[in-house]
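Inspection log for the structure reproduced underneath, given as structure tokens.
The values are calculated or read from the model by the stated rules, or taken from the named source; none is laboratory data. The structure presented is a predicted model; accordingly, all values stated were derived computationally and were not measured. Neighbour counts are summed over all protein chains in view; Cβ atoms, including those assigned to glycine, are modelled from backbone coordinates with ideal geometry. When the accessible area is computed, the model is the full protein with side chains, heavy atoms only, and any ligands, DNA or RNA have been set aside. Shrake-Rupley method; radii C 1.70, N 1.55, O 1.52, S 1.80 Å.
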Amino acid sequence: MARTLTNSHAHFKLAEQRLPLGVASNFRYWGEERTIYIKSGRGGRITDIDDNIYVDYRLGYGPAILGYADARVDEAARQGMALGGVFALSTEMELQVAARISRMVPAAELVRFSNSGTEAVMAALRLARAYTGRDDYVLLEGSYHGLFDAAMWHVPMHAWNQQGEPEVTPYSEGVPVNSRSLAHFVQMNDANALETVLARHAGRIACLLIEPIMGNCLGIAADQAYLLAARRLCDKYNVLMIIDEVKTGFRVARGGVQELYGVQADICTFAKAVANGYPISVLAGREHIMRKIGRGVAHGGTYTAHPVSLAAADRTLQILEETDALERIAEYGTKLRAGMSAVLGARGIPHSFVGHPSMSGLYFAEKPPRTYRDWKGSDYSFYNEMAQHLHDEGVLCEPDSREPWFMCAAHDESCLSDTLRGFERAVDRTVTDGAVRRKLSA
Ligand SMILES: Cc1ncc(COP(=O)(O)O)c(C=O)c1O
């Protein structure tokens, strides 16, 4: 059943007069006909301005780990608000949250705060460059680390013809062309290729910037052996390992992906789940590296460690550390996978799941991808079409197959049954529409 989007359409017409693409972030523009505006969120569901209700698996790209409007976190935020505002001076809460993070993530010996994932990763790269005295860095094909120039070289895999090496291009106009030579690309799960790059450019590379479960690329995951090898290679070539946990942090385990894999970063970054959606991010790492901050390395900002976000972070992290929220989230994700698999299996549709049950990629090929290049071999157009039907059915995932589905502690049995009912209908509509198209073109 198609949704009614009358109010969203009307609002789009007004909004585009004042906001480029009618939105405040390019990623929120889904085309004139499909861009929606949100009225509210509660638990695992959100409501748009046409009163369509969705079970939400975007969760703002991950932050709402406990669900929207969590009463415990919002109450803490109100107490933070009562402090009076932003002082551009420190409050005692900074130490309390930093100490909790250090306890949860052993590599986070010292901690600094900022406001967004982009800010944290940008600072991590600067710190690695300062510490090593080198400028180059290694990125993985398919990775996303935010919208700052150095992280905006990428491999546009959709344009790759599956022969030869895919091109590396800027993600946006305005990225300085002469910064290209500083970024070196490798594929996930190929330690030999990583060693080749590190050996060839020894003495020029500051860091490997890696997200071991790629939260913007289906959740394609490092094999444990690969990540351990990458750690050893970083040590061998005196290159720092930055683990970007902006999406995985405090989600895939209490100690993030580092706990899951038993690997420790030199520098790591967190955001999203830290404060259940209040804006805060974390730059953390080994003491000898972090002590460069303030002793040669600039770091700071007017809104850094805002009392509202810090109070929300303290409460969110306490809940994640002390309750079984993460276990329940993973359990929900596992049940969702099983239900989807039953629907797809009954129709003979090859599929697999990637990533972690708490941030799960659905992949239309039998074997899960191990590199971004594998994605090119899957039936991603089926996914993209199915996603549109899912929205009509009240299930909100990103309309791009490369964004995993995020689970939260407020997703309950009713969310699960509504999702699976909608999923079955969306899959059937995608199959039927495809068959009709094939018939018409025959
Ligand atoms: C792994 C990773 N790093 C960095 C970022 C940038 O974070 P933000 O959007 O808060 O700037 C993102 C955003 O999705 C991300 O997934």
Checked Glu119, Glu75 against criteria (within 17 Å of Val246 (Cα to Cα), open to solvent by 50 Å² or more (accessible area, probe 1.4 Å) and assigned to a helix (DSSP H, G or I)); the one match is Glu119
Please work out if Leu139 is within 16 Å of the ligand (Cβ to nearest atom) and either farther than 25 Å from Pro63 by Cα or not assigned by TED's automatic domain parsing to the domain that holds Gln318 (or both).
-> no
Could you give me the residue pairs with C-beta distances under 6 Å whose first residue belongs to region 359-385 and is within 23 Å of Ala191 (Cβ to Cβ), whose second residue is part of a helix (DSSP H, G or I) wherever it lies, and which are 6+ apart or on separate chains?
-> Pro369/Trp375; Tyr372/Met157; Lys376/Met157
Qualifying residue in region 415-434 (condition: modelled with pLDDT of 95 or more, touching a helix residue (DSSP H, G or I) at 6+ places or on another chain (Cβ under 7 Å), over 30 Å from Asp324 (Cα atoms) and among the aliphatic types (A, V, I, L, M)) = yes
If only one of Gly84, Gly62 is more than 23 Å from the chain's Cα centre (by Cα) and outside any helix (DSSP H, G or I), which one is it?
-> Gly84
Test result for Arg34, open to solvent by 40 Å² or more (accessible area, probe 1.4 Å) and touching a residue at least 60 places away in the same chain (Cβ under 8 Å) | yes
Residue in region 192-206 that is within 16 Å of the ligand (Cβ to nearest atom) and open to solvent by less than 20 Å² (accessible area, probe 1.4 Å) present | no
For region 157-186, how many residues are under 21 Å from the mean Cα position of the chain (by Cα), assigned to a helix (DSSP H, G or I) and hydrophobic (A, V, I, L, M, F, W, C)?
-> 1
In region 329-337, is there at least one residue being among the polar types (S, T, N, Q), outside the structural domain of Arg103 (by TED's automatic domain parsing) and away from the ligand (no atom under 16 Å from the Cβ)?
-> yes
Just to be sure, is Asn189 under 16 Å from Glu211 (Cα atoms), more than 16 Å from the ligand (Cβ to nearest atom), out of contact with any Leu (no Cβ under 6 Å at 6 or more places or on another chain) and in a loop (DSSP other than H, G, I, E, B)?
-> yes
Residue check for Glu109: open to solvent by 20 Å² or more (accessible area, probe 1.4 Å) and either touching a His at 6+ places or on another chain (Cβ under 8 Å) or closer than 29 Å to Ser401 by Cβ (or both) | no
Identify all residues within region 291-341 that are in contact with a Ser or Thr (Cβ under 7 Å, 6 or more places away or on another chain) and of a type outside the set (A, V, I, L, M); write none if there are none.
-> Gly301, Thr304, Pro307, Gly333, Arg337
Select the helices (runs of 4 or more DSSP H) contained entirely in region 234-338, then report the ones holding at least 1 residues which are of a type outside the set (Ser, Thr, Tyr) and farther than 27 Å from Gln224 by Cβ.
-> 307-322
Test each condition in (1) in contact with a helix residue (DSSP H, G or I) (Cβ under 7 Å, 6 or more places away or on another chain); (2) under 26 Å from Met290 (Cβ atoms); (3) surrounded by fewer than 15 Cβ atoms within 10 Å (Cβ to Cβ) for Ala99 and report the one that comes out false.
-> (1)
Residue in region 334-343 that is basic (Lys, Arg), at pLDDT 95 or above and buried (at least 21 other Cβ atoms within 10 Å of the Cβ) present | no
